[in-house]
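Below is one structure, written out as structure tokens; the observations come after it.
The values are calculated or read from the model by the stated rules, or taken from the named source; none is laboratory data. Because the structure is predicted, anything quoted here is derived from the model rather than measured. All Cβ positions, glycine included, derive from the backbone under ideal geometry; neighbour counts span all protein chains shown.
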Amino acid sequence: MTTTSLPRFTPRRALGRTGFTATAVGIGDLADRTVPREELIATLARALDAGLNVIDTAPGYEDGLSEEVVGQALRGRREGVFVIDKVDALDAPVAPQVELSLRRLGLPWVDLFALHAVKSLAQWEALARPGGALEQLEACVAKGQARFKGISCHHPDALVAAVRSGRCDVVMFPLGPFVDARYVEQVLPLAREKGVGVVSFKTFGAGKLLGDTEGYGRPLQARPRGKVSSPGSGDQTPGTPELPHLSVAECVRYTLTLEPDVMLLGMGFPNEQDAALQAAAAFRPLDPAGMRAVRERAHAAIQGKGAVWWNPPSPDVAAG
């Protein structure tokens, strides 16, 4: 496949108190068992060649394939790359999970292990208790298996508590055109105040903002009503609704205007890299009116596309 040349990215800002200077864009998960492993490794290497210096993975991404691909792509070029891995099973012993992930990566240590997908304040409180998963992860850091620790989280209240605890070096959470306003208005400024690194995800709303999917490429089970296309009117199948979408550039521009330390983007294919990185290289901040307009279009674009699991219900605060 012919691809365009990518822009070159240089480190932009410190990732919280870690001391690592990160590029604005990080490499999200690109594991896909339908794609030959060599292609996945080459795609990841291509992003590294463009200067991106943060990589995110987890054992649950294609049952360990993501970790294996990351490890192979980093052979001979580990220096200067901030590697994030996760602890997926939050109610199981942490040390064996860390050891297995490091074996799959083929690395003696990573920069950050994060407790993955914390879903509520109550769950965070349980993880932070004496003897809980966070204390176990701290022991792994003390052993040199990671330099830093943190959480990946889908609940603003849990994130606020985690940042205030002083026990997280980095927090990972949704930022983009359709996220709960508390992520932006409460979590983001608090993390900056406390020197906690911010790594964002859900720029594209799990793909819902860009296409007709229930998330991560899963087709819609039931299409919402909408304008019905006519033959020859575009890419839509005749007779199906034309659902509203945002562009890659709009989503990237909106998220970078919020200024996370690192914006993770899934870039599993070269054409996806082309679109995302060209948009990031051309970034100019949106003004408040522009931000509001993108949020309004995102609200329309996400309707009827399944659960928005990263926005917990709140009686007081609507989604951004």
query: With Arg33, Arg75 as the choices, which residue is under 12 Å from Leu105 (Cβ atoms), in a loop (DSSP other than H, G, I, E, B) and not small (Gly, Ala, Ser)?
result: Arg75
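Does Leu175 fit the bill of being in contact with a helix residue (DSSP H, G or I) (Cβ under 7 Å, 6 or more places away or on another chain) and of a type outside the set (Lys, Arg)?
Answer is yes for this residue.
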- request: Can you confirm whether region 87-98 contains a residue that is touching a helix residue (DSSP H, G or I) at 6+ places or on another chain (Cβ under 9 Å) and within 25 Å of Asp274 (Cα to Cα)?
  value: no
- line: From the option list Val141, Val160, single residue qualifying as of a type in the set (Val, Ile, Thr), out of contact with any strand residue (DSSP E or B) (no Cβ under 6 Å at 6 or more places or on another chain) and closer than 24 Å to Val196 by Cα is Val160
query: Out of region 261-294, which residues are within 23 Å of Ala181 (Cβ to Cβ) and touching a residue at least 60 places away in the same chain (Cβ under 8 Å)?
result: Asp261, Val262, Met263, Leu264, Leu265, Phe283, Val294
query: Which of the residues spanning region 75-104 are in contact with a Leu (Cβ under 8 Å, 6 or more places away or on another chain) and either within 18 Å of Ser165 (Cα to Cα) or not acidic (Asp, Glu) (or both)?
result: Arg77, Arg78, Val81, Phe82, Val83, Ile84, Lys86, Val87, Leu90, Val94, Val98
- request: Starting from region 175-186, take each residue that is under 16 Å from Ala293 (Cα atoms) and modelled with pLDDT of 95 or more and list its partners that are charged (D, E, K, R) and surrounded by fewer than 24 Cβ atoms within 10 Å (Cβ to Cβ), counting only C-beta distances under 8 angstrom and pairs at least six apart or across chains.
  value: Pro177/Glu250; Pro177/Arg295; Pro177/Arg297; Phe178/Arg295
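Are any residues in region 24-34 buried (at least 16 other Cβ atoms within 10 Å of the Cβ) and out of contact with any Lys or Arg (no Cβ under 6 Å at 6 or more places or on another chain), and if so, which ones? Walk me through it before giving the result.
Here is the first cut: in region 24-34, the residues buried (at least 16 other Cβ atoms within 10 Å of the Cβ) are 24-32.
Result: Val25, Gly26, Ile27, Gly28, Asp29, Leu30, Ala31, Asp32.
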query: Considering only region 207-216, how many residues are in contact (Cβ under 8 Å) with a residue 60 or more places away in the chain, part of a loop (DSSP other than H, G, I, E, B) and out of contact with any Leu (no Cβ under 8 Å at 6 or more places or on another chain)?
result: 1
statement: Reported set for region 244-292 where residues are in contact with a strand residue (DSSP E or B) (Cβ under 7 Å, 6 or more places away or on another chain), among the β-branched types (Val, Ile, Thr) and within 19 Å of Gly207 (Cβ to Cβ) is Thr255
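In region 48-72, what count of residues is obtained for those that are in a loop (DSSP other than H, G, I, E, B) and touching a helix residue (DSSP H, G or I) at 6+ places or on another chain (Cβ under 7 Å)? Spell out the reasoning first.
First pass over region 48-72, keeping only residues in a loop (DSSP other than H, G, I, E, B): 50-53, 57-64.
Going one step further and asking which of them are touching a helix residue (DSSP H, G or I) at 6+ places or on another chain (Cβ under 7 Å), we end up with 50, 57-59, 64.
Counting residues in region 48-72 that are in a loop (DSSP other than H, G, I, E, B) and touching a helix residue (DSSP H, G or I) at 6+ places or on another chain (Cβ under 7 Å) gives 5.
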message: Return the residues of region 163-200 that are assigned to a loop (DSSP other than H, G, I, E, B) and either within 15 Å of the chain's Cα centre (by Cα) or surrounded by fewer than 24 Cβ atoms within 10 Å (Cβ to Cβ) (or both); say none if nothing qualifies.
response: Gly166, Arg167, Asp169, Leu175, Gly176, Pro177, Phe178, Val179, Gly195
query: Among (1) assigned to a helix (DSSP H, G or I); (2) in contact with a helix residue (DSSP H, G or I) (Cβ under 9 Å, 6 or more places away or on another chain), which single condition is Glu138 missing?
result: (2)
field: Residues of region 1-30 satisfying the condition of being closer than 26 Å to Leu188 by Cβ, among the charged types (D, E, K, R) and part of a loop (DSSP other than H, G, I, E, B)
entry: Arg12, Asp29
